[in-house]
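Below is one structure, written out as structure tokens, with a few remarks after it.
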Amino acid sequence: MGELPLDINIQEPRWDQSTFLGRARHFFTVTDPRNLLLSGAQLEASRNIVQNYRAGVVTPGLTEDQLWRAKYVYDSAFHPDTGEKVVLIGRMSAQVPMNMMITGCMLTFYRQLGTAYVSATTGAVATALGLKSLTKHLPPLVGRFVPFAAVAAANCINIPLMRQRELQVGIPVTDEAGQRLGHSVTAAKQGIFQVVVSRICMAIPAMAIPPVIMNTLEKKDFLKHRPWLGAPLQVGLVGFCLIFATPLCCALFPQRSSIQVNRLEPELRAQIQKQNPGTEVVYYNKGL
């Protein structure tokens, strides 16, 4: 076997991001919780492989699969701009275990934690409290879905709040070649909407399926005699759902999304049509 060529573009994902399947494979790799178990030495080895390859130096005996594996390990642990190692709980690979604990506890202790989780968000608290009062006289199963409504409301409010600067000054838009053409608030609104939809969809399986299963199991003698099993069982069910929901819902929209030029702000549209008259579509990073 010859030496690995230097024309493999590891700046981009390995799989075609114009298809849902390609995006799903990408995010299954990015959010793989097993990356959290890698040692410091393994992370450093992956960083050296990636940095050397980008510098034109191929590690002896390196295969293409090993290169891509190193790239995804590197991306999972190091900041893309600064190159510094990201705190463990802030990594994409920590999404499933962190959300598993939060969501599992919310569903297990939904009467107390369902509203507390979003206590900092007035709209979400109002949603949770309102639904809680409405479900007092309904079957217990209905009450179990109050946390989902609260989380959905929180996402609708918190994500735009966290990205409010983008709603004020816009986000960069580029042409197909990646050349920056300006900043667009319209693109920011579209990107934030896509992220909100993804986050809500991500919560649906984890907050809808376990309550139904647990509502059935709690009526069985096995769980009645072992009530201490309720919490770990619920957290486990949530984790199983999130393993699939997280990457699949991240893949609902392309990371590099597009928008028609005629939908941009008049000033930016005029600027693009003047400087790049043949450009009909521009691209932007929707965020996560």
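What would the Debye formula give as log10 I(q)/I(0) at q = 0.11, 0.21, 0.28 Å⁻¹ for the alpha-carbon point model of segment 181-255, no solvent?
Per q value, in the given order, log10 I(q)/I(0) is -0.43, -0.88, -1.18.
Classify segment 229-288 as rounded, prolate or oblate from the Cα gyration tensor: take a ≥ b ≥ c as the square roots of its eigenvalues, call it rounded if a/c is under 1.5, otherwise prolate when a/b beats b/c and oblate if not.
It comes out prolate by the Cα gyration axes.
Can you sort C241, C156 by solvent-accessible area, 1.4 Å probe, largest first?
Putting C241, C156 in descending order of accessible area: C156, C241.
Roughly how many Å is it from the Cα centre of segment 1-53 to that of segment 158-208, as a whole number?
Taking the Cα centre of segment 158-208 as reference, the centre of segment 1-53 is 24 Å away.
How much area per residue is accessible in segment 214-288 when the probe is 1.4 Å and only protein heavy atoms are counted (Å²)?
58 Å²
With a sphere of radius 11 Å drawn around the Cβ of G178, what net charge do the other residues whose Cβ falls strictly inside it have (Lys, Arg +1; Asp, Glu -1)?
-1
How far, in nm, would the chain grow between V58 and R34 when pulled straight, counting 0.36 nm per residue and subtracting the alpha carbon separation?
6.0 nm
Contour minus end-to-end for Q42 and V185, with contour as 0.36 nm per residue of separation and end-to-end as the Cα-Cα distance?
Gain in length upon complete extension: 47.4 nm.
Can you tell me the length gained on complete extension of the stretch W228 to S18, counting 0.36 nm per residue apart and subtracting the Cα distance?
71.0 nm
Any idea what % of Cα-Cα pairs in segment 1-76 are farther than 20 Å?
Cα-Cα pairs of segment 1-76 separated by over 20 Å account for 33 percent.
So for each of 12-18, 34-40, 97-103 I average, over its residues, the number of other beta carbons within 10 Å; can you give me the resulting order with the highest mean first?
Taking the mean over residues of other Cβ atoms within 10 Å, the ranking is 97-103, 12-18, 34-40.
What FRET efficiency would be calculated for the residue pair N262, I204, taking the C-beta separation as r and a Förster radius of 41 Å, to the nearest 0.05?
With a Förster radius of 41 Å, E is 0.75.
With a sphere of radius 15 Å drawn around the Cβ of P247, what net charge do the other residues whose Cβ falls strictly inside it have (Lys, Arg +1; Asp, Glu -1)?
Net charge around P247: +4.
Label E84 and V197 with points 7 Å out from Cα along Cα→Cβ: what is the distance between them in nm?
3.5 nm
The values are calculated or read from the model by the stated rules, or taken from the named source; none is laboratory data. No experiment lies behind these values; they were computed from the predicted model shown. All Cβ positions, even for glycine, are placed from backbone atoms using ideal geometry, and neighbour counts span all protein chains on display. Remember, those area values only see protein heavy atoms, side chains included, never the ligands or the DNA or RNA. Shrake-Rupley method; radii C 1.70, N 1.55, O 1.52, S 1.80 Å.
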